[in-house]
1. Probe radius 1.4 Å, ligands and nucleic acids ignored: give me the carbon and sulfur share of the accessible area of the stretch 173-230 as a rounded percent.
2. Quick one: if you stick a label point 7 Å off each Cα along the C-beta vector at R78 and A257, how many nm between them?
3. Taking the inverse of the average 1/r across all pairs of different Cα atoms in the stretch 208-308, what Kirkwood radius in Å do you get?
4. Among 166-176, 41-51, how do they line up from the highest to the lowest mean number of other beta-carbon atoms within 10 Å?
5. Which pairs in the list K160/K185; K123/K263; K185/K263; K123/K175; K160/K263 are over 22 Å apart, alpha-carbon to alpha-carbon?
6. Along its three principal axes, how long is the chain when you only count alpha carbons? Whole Å, largest extent first please.
7. How much of the calculated P(r) for the stretch 188-241 lies past 15 Å, in percent of all Cα pairs?
8. Provide, in order from the shortest bin, the percent of all Cα-Cα pairs of the stretch 1-122 in each 5 Å bin, continuing until the bin that contains the maximum pair distance.
Amino acid sequence: MTDDRLPSDLLREGGVDFLVRKAIGLGVDPAYAIRAGSWNVARHYRLLRRGAIAPGFQADLVVLDDLHSFRAWAVYQRGRRVAHQGQLEVPLPRAEASRAVSHTVRLPDLGPQDLRIPAGAGKVRVIRPIPHQVLTEEVRLEPTVRDGEVVADPSRDLAKLVCFERHGKNGRIGKGLVTAFGLQKGALACTVGHDHHNLMAVGVSDAEIVTAARRLEALGGGMVAVADGRVLAELALPIAGLMTDEPLEAVDARLQALEAAAKTLGVSLPDPYMVLSFLGLAVIPELRLTDHGLVDVRQGAVVGLYENDPLRDGLRPYTE
């Protein structure tokens, strides 16, 4: 698959070209592999003037050294050569984000008190991500309670997970717990949160989570790691809180710095920001968190944090 590939994957392996190269290496006829990565895709998405070299088609061309290595010797876009032997020959366009797609992180006034989870009775539902998968498991654990509220507990690998509605619509905040991150201090946060793309944050203190959220608001979106009240690493995604016009190499360097910062905070989960972005995807089992609260995907409903109190916030059909 070519979706959800990180910049490091694209730099090291490529995208569609990687899959075509792999297919050819496994014995697929080169003509068929190339057609699958060009003509078939263009037909599927009704890009009727792309995907082939023929009269009436847009002159988007890739000239290869040979079919088996599938490395581009030259690339043409609308008949103009734009790259040669791996080097761009035209400057990358810089996006001028319009008002519609900039400043899209709009949070209400926040304080640690807004993230408080009152203590109840019994075990709680906890999200456990499965490494290298988009699936999660629901586990039920006794919460750690301090001063009448449920808190993160690094000694038990329990962190607080928060989903902020970040589009300035209603200011909802979904709160829960997550395990298997390994986080021992600080917080991680990002505005890539499939499919609602709200602000997702995981942390061991409410104050650090608020610090991370506020920093992302200032950046216009992105990814951040914080600890002791300061930013350790960040990647700004100011275009709709999801994209940047920075070069791929620069984005990769910032992502590597974020991964390194996460490790200094104790994170042991591979690709923690990728995992965080999927913890709100409420269409894949088992348990997810959105700004509506915890979603039991199997039931297709919002559920309470406590297993014995599923109607705490009202069991209701989930609609995004």
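The values are calculated or read from the model by the stated rules, or taken from the named source; none is laboratory data. Predicted model only: the values in this text are computed from it and were never measured. Methodologically, a virtual Cβ is constructed for each residue, glycine included, from the backbone with ideal geometry; neighbour enumeration extends over all protein chains shown. These area figures cover heavy atoms from the full protein model, side chains too; ligands, DNA and RNA do not enter into them. Shrake-Rupley method; radii C 1.70, N 1.55, O 1.52, S 1.80 Å.
1. Details: 690 of 1490 Å².
Carbon-and-sulfur percentage of accessible area, whole number: 47.
2. Roughly 3.5 nm, to one decimal.
3. Result for the stretch 208-308 stands at 15.2 Å.
4. Averaged packing, sorted descending, gives the order 166-176, 41-51.
5. Exceeds cut-off: K123/K263.
6. 71, 37, 35
7. Values: 511 of 1431 pairs.
Above the 15 Å cut-off, the stretch 188-241 has 36 percent of its Cα pairs.
8. Result, from short to long distances: 2, 8, 11, 15, 17, 13, 7, 5, 5, 5, 6, 4, 2, 1, 0 percent.
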